Amino acid sequence: MIGRIDLTGIEVDARHGVLESEKSNSQLFKVDVSAYLDLNPAVNSDDLPDTLDYGALAEQVQKIVANESHQLIETVADRVASHVMSDDRVTKVVVTVHKPEAPIEVPFSDVSVTIERER
């Protein structure tokens, strides 16, 4: 049974962007991750090692976003997707990186990039 584990709105203060001010001043980023995998082992065992530990994943995503610096949120999304896909149980991942404080001159509520990867 292929299922999906969703983590929505992981908040990270980080320095990603093209402008010098974005590289020197942190801003808020939010990350959504949907990981697809066979949930049968976890359903049958009711044991955490048989599924994706979403608490650990949230911490890993936060570290990736906070500890690296990239110009584009496309790159940030790709780095997160690569990490999630490094777990062989994951068959597909969808990662969205939101940059709600992006330096855009017109009123807006969010800008985001979504990357999908599949085996």
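A few points about this structure:
- Filter pass, Asp88 being over 21 Å from Lys23 (Cβ atoms) and either free of Cβ contacts under 8 Å to residues at least 24 places away in the same chain or touching a strand residue (DSSP E or B) at 6+ places or on another chain (Cβ under 8 Å) (or both): yes
- Put simply, of Val111, Val76, Val97, Val84 the only residue that is more than 27 Å from Leu37 (Cα to Cα) and touching a helix residue (DSSP H, G or I) at 6+ places or on another chain (Cβ under 9 Å) is Val111.
So that you can scan it fast, the table gives a plain yes or no per residue for (1) surrounded by 12 or more Cβ atoms within 10 Å (Cβ to Cβ); (2) within 14 Å of His98 (Cα to Cα):
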position	(1), (2)
Met1	no, no
Asp6	no, no
Ile10	yes, yes
Glu22	yes, no
Tyr36	yes, no
Leu39	yes, no
Ala42	yes, no
Ser45	no, no
Leu52	yes, no
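- Taking each residue of segment 1-29 that is under 28 Å from Glu105 (Cβ atoms) and free of Cβ contacts under 8 Å to residues at least 40 places away in the same chain and looking for partners that are outside any strand (DSSP E or B) and of a type in the set (Lys, Arg) with beta-carbon atoms closer than 8 Å, six or more apart or interchain, yields Ser24/Arg15; Asn25/Arg15; Ser26/Arg15.
Where a number appears in this text, it was derived from the coordinates with a stated rule and is not lab data. The structure presented is a predicted model; accordingly, all values stated were derived computationally and were not measured. Every residue, glycine among them, receives a Cβ derived from its backbone with ideal geometry; neighbour counts consider all protein chains shown.
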